[in-house]
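Asker: Right, I'll just put the structure down here and ask away after.
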Amino acid sequence: MSVTSLKSMDEIRLGQLFAWPSRLTLEAWRAAWRSACTGVACEGIRGGFWNSIAIVLPSTLIAIALGALNGYALAFWRARGASLLFGLLMLGAFIPVQVLMFPLVRLLGPLHLVGSLAGIVLVHVIFSMPIMTLIFRNHFAALPRELFLAARLDGGGFLRIFLQLMLPLAVPMLVVAAIMQATGVWNDYILGLVFAGREHLPMTVQLNNLVNTTTGAKLYNVDMAATLLTSLVPLAIYLLSGRWFVRGIAAGAMKG
Amino acid sequence: MAAVSIRDLRVHLGGQPVIDGLDLEVASGEFLVLLGPSGCGKSTLLHALAGLIDVAGGSVAFDGVDQTWASPRARNIGMVFQSYALYPTMTVAGNLSFGLRARGTARAEIAARVQRAASLLQLEPLLARKPAQLSGGQRQRVAIGRALVRDAGVYLLDEPLSNLDANLRAALRRELKLLHQRLGATMIYVTHDQIEALTLATRIAVLHQGRVQQLGTPGDVYARPANRFVAGFMGAPPMNFLEGRLAVSGGTPRFVAAGFELELRDYEFRAAAPVDGEPVVLGVRPEQLRIGAPGSWTSQVTLIEPMGNHQVVWFDCAGSGWSALSDSDAGPRVGARIALAVSSSPVSLFRADNGTRR
Ligand SMILES: Nc1ncnc2c1ncn2[C@@H]1O[C@H](COP(=O)(O)OP(=O)(O)OP(=O)(O)O)[C@@H](O)[C@H]1O
Ligand SMILES: [Mg+2]
């Protein structure tokens, strides 16, 4: 793929799939970014790139913030109905997205949330809530309970204990959750297609449109370049996040 | 400094009663030691006093004010947790000041209090470190400091000295005793180490099966155990027991077993007067036995345990394994026959049926 994206169209037509390009060219990359046709418009997939960024950032931040807060509340504060809520969330984590899509469209439609940035972000947050809550609940439940009790005894309230004690202890989990959520949202196709609306189509949808556009000759090099561009962000997230993994975060809290 | 009053307290964990109708009165300024075997509910009791677990019945009051359903924050308690539970992402200074910050104490006041607690516990050079960068003893002092930094009415200490090496343990034990003398605070201290209990306590409460088995001064609990459990739990090597009967004839009651007899001249019987033929269990501490004295009976040595400054001599007494203490150098050898006598200090007698003191 990488090789193909660096070839010119003339060279690709020779059919030597695994041969190195005789002349390296970034022409296809430029075209994919700026001028390839994604349906009627021919502006490349850069619009989709920024749309995706605009969707991923709030979806990720809101989802992990809410997930961490939910998980913390479920793990430490025995509210009435907490176990019931947890059971429902577990169930929610196993229901396929497609099953819930139609009811969700019916629900959000009257609220004018379908086809808007807020709508797509809300949908992503909703669908990620079960798994986010689950991983944070399990993370907090694995911490020594006396840590929480000590903070309670010291007079800490719900939010103070969360922000000053538990969130710093959840940094490795926050990183994992952010990676999961950011790549998940970035790679999403169907939710973006249904809920984002014309103005906010994410990169993946535009990529699909680009590759499947039938007018004119098939520009394989541009397709490849666009595909690579689209997958560049998840790749970058994986590579950059490695150094944030902190081991033994709770070391020193306990005896011995 | 608050007095603590616990009435008929019940706590259930996982459907099982862990504390089962416990009564305890702790005077203001007292150093009460809760002593009991592992799993008897000592930590559970402290957590219940601090309001960290719900009780199933009974009441807890500080200075006469009912606190049974008060929030942990409102009870004004300083606690050292069994596991220390230091906040791992905060520095030592952050650990000490968390409770003060949570209560909205003024910044200058916080600094002054942290400074005072740190100097009291010699933590000043460590204030900027995280708990992971501390030794076990240093962590323990931070845990104590976190409890002491506030002016709490009651301090609860849950086995703060376990897991430390013997020297550090003894040193910190003395430090704690000095600290209590200086602060005059009410302290409830959990341990299953009886040396700690005997050296620190103004009173000891021995806990077993969710109840207080005996409450008294260290000397009282040691010399006059209220039942066989307390008798066997306190003291190392443990108290020697022998089953037999009371014989009452000619005014002086005697304890009689097969091949063994002991006059109970000064014994203070509790409740009813002794009845002839009543089945009882005799309890004699190893240090109440004298070896080589013009003996009332003889026995053969089965085992010697050297302890450095003394040694424990094990022998057979009418079918039960008994021990006595002797000097290291002048002691008997294994297999030797020794003459034994019970010295004058009072022995213990327990009812054969339920084990309470006779
Ligand atoms: N969450 C729980 N659910 C069920 N049972 C529990 C729970 N926590 C503790 N227990 C039981 O309650 C009893 C008392 O526990 P506790 O921790 O108070 O003992 P302890 O006296 O402090 O023991 P140790 O000296 O080992 O610290 C134990 O038998 C324990 O198994
Ligand atoms: Mg305990």
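Only the coordinates and a few stated rules stand behind these numbers; no lab work does. Predicted model, so just to flag it, every value in this text is computed and none were measured. Cβ coordinates were reconstructed from backbone atoms using ideal geometry, including for glycine residues, and neighbour counts include every protein chain displayed.
Asker: Simple spin-label model, 7 Å along Cα-to-Cβ: B:Arg245 to B:Ala170 in nm?
Answerer: With each label placed 7 Å out from Cα toward Cβ, I get 4.9 nm.
Asker: Another question, if that's okay. Which Cα, out of B:Ala197, A:Met254, B:Leu183, lies furthest along the positive dipole direction of the protein assembly as shown (beta carbon charges, K/R +1, D/E -1)?
Answerer: Farthest along the dipole direction, towards plus: A:Met254.
Asker: Follow-up question, since we're still on this one. Nothing charged except the Cβ atoms of Lys and Arg (+1) and of Asp and Glu (-1): what's the magnitude of the dipole of chain A about its Cα centre? Round to the nearest 20 debye. Don't skip to the end; give the middle numbers.
Answerer: Numbers: 18 positive and 9 negative charges, 116 e Å.
That gives a dipole near 560 debye.
Asker: For the stretch B:242-256, just list the computed ³J(HN,Hα) in residue order, Karplus coefficients 6.51, -1.76 and 1.60, θ = phi - 60°, integers in Hz, with x standing in for Gly and Pro.
Answerer: 8, 7, x, 9, 8, 10, 10, 8, x, x, 8, x, 10, 9, 10
Asker: Still on this structure: Which whole-Hz couplings ³J(HN,Hα) result when phi for each residue of the stretch B:69-86 is put into the Karplus expression 6.51 cos²θ - 1.76 cosθ + 1.60, θ = phi - 60°, listed in order with x for Gly and Pro?
Answerer: Those phi angles translate into 10, 6, 6, x, 4, 6, 7, 6, 10, x, 9, 9, 7, 4, 9, 6, 6, 6 Hz.
Asker: With +1 assigned to the C-beta of every Lys and Arg and -1 to the C-beta of every Asp and Glu, and no other charges, what is the dipole magnitude of the stretch B:240-351 about the Cα centre in debye, to the nearest 20? Numbers along the way, then the final one.
Answerer: Numbers: 9 positive and 12 negative charges, 17 e Å.
It comes to approximately 80 debye.
Asker: On average, how many beta carbons from a partner chain sit within 10 Å of the beta carbon of a residue in B:99-105? Please report the intermediate quantities before stating the final value.
Answerer: Working: counts 6, 2, 5, 10, 3, 1, 1.
So the per-residue partner count for this stretch is 4.
Asker: Using only Cα atoms, find the angle between the long axis of helix B:166-183 and the longest principal axis of chain B, and express it within 0 to 90 degrees, rounded to the nearest 10.
Answerer: Helix B:166-183 and the main axis of chain B meet at about 70 degrees.
Asker: Spin-label point model (7 Å from Cα, Cβ direction): what's the A:Ala54 to B:Ala236 distance in nm?
Answerer: My value for the distance between the label points is 7.2 nm.
Asker: What do you get for chymotrypsin sites (Phe, Trp or Tyr not before Pro) in the stretch A:73-132 restricted to DSSP loop and a cutoff of at most 13 other Cβ within 10 Å of the site's Cβ?
Answerer: Numbers: sites: A:Phe76, A:Trp77, A:Phe86, A:Phe94, A:Phe127; in loops: A:Trp77.
Here the chymotrypsin sites (Phe, Trp or Tyr not before Pro) that fit, given the DSSP loop and packing criteria, are A:Trp77.
Asker: Right, next: Based on DSSP H runs of at least 4 residues, each adding -39500 (n - 2.57), what is the mean residue ellipticity at 222 nm of the protein assembly as shown after dividing by all its residues, to the nearest 500 deg cm²/dmol?
Answerer: Numbers: 20 runs with 243 residues, N = 614.
The helix contribution divided over the protein assembly as shown gives -12500 deg cm²/dmol.
Asker: Sticking with this one: So which GluC sites (Glu not before Pro) in the stretch A:9-96 pass both tests, a DSSP loop state and at most 15 other Cβ atoms within 10 Å of the Cβ?
Answerer: Details: sites: A:Glu11, A:Glu27, A:Glu43; in loops: A:Glu43.
For GluC sites (Glu not before Pro) across the stretch A:9-96 that sit outside H, G, I, E and B with at most 15 neighbouring Cβ atoms in 10 Å, the list reads A:Glu43.
Asker: Projecting each Cα onto the charge dipole of the stretch B:86-244 (Lys/Arg +1, Asp/Glu -1 at the beta carbon, about the Cα centre), which of B:Gly219, B:Gln140, B:Gly235 comes out farthest on the positive side?
Answerer: Highest projection toward the positive end goes to B:Gln140.
Asker: How large is the charge dipole for chain B, taken about the Cα centre, if only the Cβ atoms of Lys, Arg (+1) and Asp, Glu (-1) carry charge, to the nearest 20 debye? Write down the numbers at each step before the final one.
Answerer: Working: 36 positive and 31 negative charges, 251 e Å.
About 1200 debye.
Asker: If you don't mind, another one. Shielding by partners for B:73-85, please: the mean number of other protein chain Cβ atoms within 10 Å of each residue's Cβ. The partial results should precede the final answer.
Answerer: On the way: counts 6, 1, 1, 2, 2, 2, 5, 1, 9, 3, 9, 9, 12.
Partner-chain Cβ atoms within 10 Å, mean over residues of B:73-85: 5.
Asker: From a point 7 Å beyond the Cα of B:Ala61 in the direction of its Cβ, which residues of the stretch B:1-18 have a backbone N at a distance under 14 Å?
Answerer: The answer is B:3-9, whose backbone nitrogens lie closer than 14 Å to the label point.
Asker: Report, to the nearest 10°, how far helix B:92-102 tilts away from the longest principal axis of the Cα atoms in chain B, using its own Cα long axis and a range of 0 to 90°.
Answerer: 70
Asker: Rule-of-thumb check for chain B: C-alpha Rg over 2.2 N^0.38 Å?
Answerer: On the way: Rg = 24.2 Å, N = 358, 2.2 N^0.38 = 20.6 Å.
Ratio of Cα Rg to 2.2 N^0.38 Å: 1.18.
Asker: Given R₀ = 60 Å, what would the calculated FRET efficiency be for A:Ser35 paired with A:Arg145, taking r from the Cβ atoms and rounding to 0.05? Before the final figure, lay out the partial values.
Answerer: Details: r = 59 Å, r/R0 = 0.99.
Once rounded, the FRET efficiency stands at 0.50.
Asker: Another question, then. Which whole-Hz ³J(HN,Hα) couplings does the stretch A:160-171 yield from phi under the Karplus relation 6.51 cos²θ - 1.76 cosθ + 1.60, θ = phi - 60°, glycine and proline marked x?
Answerer: 4, 5, 5, 6, 8, 10, 6, 4, x, 6, 9, 3
Asker: Still on this structure, please answer the following. Build a GNM of chain B with springs between Cα atoms under 10 Å: which of B:Thr202, B:Thr191, B:Thr105 gets the top mean-square fluctuation?
Answerer: Maximum fluctuation in the GNM of chain B, among the listed residues, is at B:Thr105.
Asker: Now, a different point. Just checking the output field for A:15-27: average partner chain Cβ neighbours within 10 Å of each residue's Cβ? Walk me through the numbers on the way to the answer.
Answerer: On the way: counts 0, 0, 0, 0, 0, 0, 0, 0, 0, 0, 0, 0, 0.
Average per residue, whole number: 0.
Asker: Please find the FRET efficiency linking A:Val105 to B:Ser328, where r is the Cβ-Cβ separation and R0 is fixed at 56 Å, and quote it to the nearest 0.05.
Answerer: Numbers: r = 89 Å, r/R0 = 1.59.
Taking R0 as 56 Å, the efficiency between A:Val105 and B:Ser328 is 0.05.
Asker: Pick from A:Ala32, A:Ala118, A:Ala196 the residue whose mean-square fluctuation is largest in a GNM of chain A, springs joining Cα atoms under 10 Å.
Answerer: With Cα springs under 10 Å in chain A, the top fluctuation among A:Ala32, A:Ala118, A:Ala196 is at A:Ala118.
Asker: Here is a further query. May I ask you to list the trypsin sites (Lys or Arg not before Pro) in the stretch B:244-283 that are in a DSSP loop and have at most 16 other Cβ atoms within 10 Å of their Cβ? Don't skip to the end; give the middle numbers.
Answerer: Details: sites: B:Arg245, B:Arg254, B:Arg265, B:Arg270; in loops: B:Arg265, B:Arg270.
Qualifying residues, ordered by number: B:Arg265, B:Arg270.
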